[in-house]
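Input: a single structure, listed below in structure tokens.
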Amino acid sequence: MHDPDPLPLSALQHWAYCPRQCGLIHLEQAFDDNLHTQRGQAVHAQVDQPGVEERKGLRIERALPVWSDALGLIGKADVVEFEPDGTPYPVEYKHGSRHKAADIAACDDVQLAAQAMCLEGMTGRTVSEGALYYASSRRRRIVPVTAALREQVAQTVQAVRAMLTSASLPPPTQDVRRCKGCSLRDRCQPEALGRLRSADFGTAPFDPDA
Ligand code: SF4
């Protein structure tokens with residue numbers, strides 16, 4: 001049997017946010033813009049052009065292709081800072097503030113840890129830490145690449161692969177906050193599927209980056 005196609009790194013963040021969102025995007029190739037995706041695109045436009053520079057003794061690479069044959073992952077790291085000894089330090093750019101709700105922020109940690117694991121395989125160096133850079137607050141949040149986070153990456157890869165193999169769309173999340181910030185809400189119709197009440201959506205839009 002041939003190896004399955006590598007998964008995009010972004011699929012791990014999508015799964016961590018909402019498995020159904022991951023299914024809509026990676027199984028059904030759906031993608032709709034909303035304010036949050038537009039803000040995200042604007043932030044990534046700053047780091048989407050490949051480039052290399054030296055600063056404060058670090059070699060800084062932007063839009064660096066990364067992959068892991070062991071995990072079956074492929075993607076692009078926004079910024080990777082290389083120490084003088086060649087140890088990589090990934091920095092992923094996100095729109096919004098670093099003071100997100102902890103469980104929403106944790107979705108970004110999975111993607112960053114997966115990047116770190118890709119870089120380890122590519123360079124042979126241990127990557128024990130990376131950072132998320134939040135454009136609104138212009139601050140970094142340090143993310144230790146712990147054993148628990150590595151295990152979460154491995155489990156998420158398995159879960160996304162199982163979903164793609166079964167070709168069945170996961171049910172909606174029951175977390176109304178996530179649906180309020182989701183660009184796929186019109187397409188997904190979580191209220192119509194009975195998991196969330198229409199009244200749950202009657203308040204001001206939830207901003208997952210607030
Ligand atoms: S609207 Fe809610 S259930 Fe549907 S994909 Fe988005 S977050 Fe998931």
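The values are calculated or read from the model by the stated rules, or taken from the named source; none is laboratory data. Only a predicted model underlies this, so the values are computations on that prediction, with no experimental measurement involved. Ideal geometry is used to build each Cβ from the backbone, glycine not excepted, and the neighbour counts take in all protein chains shown. Only protein heavy atoms, including side chains, enter the accessible area calculation; ligands, DNA and RNA are left aside. Shrake-Rupley method; radii C 1.70, N 1.55, O 1.52, S 1.80 Å.
What to note about this one:
- Charge dipole of region 44-189 (Cα centre as origin; +1 on each Lys and Arg Cβ, -1 on each Asp and Glu Cβ, all else neutral): 640 debye, rounded to the nearest 20.
- Taking all protein chains into account, the per residue accessible area for region 37-132 stands at 45 Å² (1.4 Å probe).
- Tensor-based shape of region 92-191 (alpha-carbon gyration tensor, a/c under 1.5 rounded, otherwise prolate or oblate): oblate
- You can think of it this way: the chain between Arg187 and Glu53 has 44.0 nm of extra reach, that is 0.36 nm per residue less the Cα-Cα gap.
- Amide hydrogen proximity for Lys76: with H placed 1.01 Å from N in the peptide plane, the residues at 5 or more positions away or on another chain lying under 5 Å are Leu9, Val66.
- Cross-link partners of Lys76 among lysines (Cα-Cα below 26 Å; sequence separation of 8 or more within a chain): Lys56, Lys94, Lys100
- Per-residue extension of 0.36 nm, minus the Cα-Cα distance of Arg138 and Phe31, leaves a gain of 35.8 nm for this segment.
- Rounded to the nearest Hz, the phi-derived 3J(HN,Hα) couplings of region 169-174 under the Karplus curve 6.51 cos²θ - 1.76 cosθ + 1.60 (θ = phi - 60°) are 6, x, x, x, 5, 9, where x marks glycine and proline.
- Highest average first, the peptides 112-119, 54-61 ordered by how many other beta carbon atoms sit within 10 Å of their residues are 112-119, 54-61.
- Protein accessible area in region 115-193, 1.4 Å probe - carbon and sulfur %: 47
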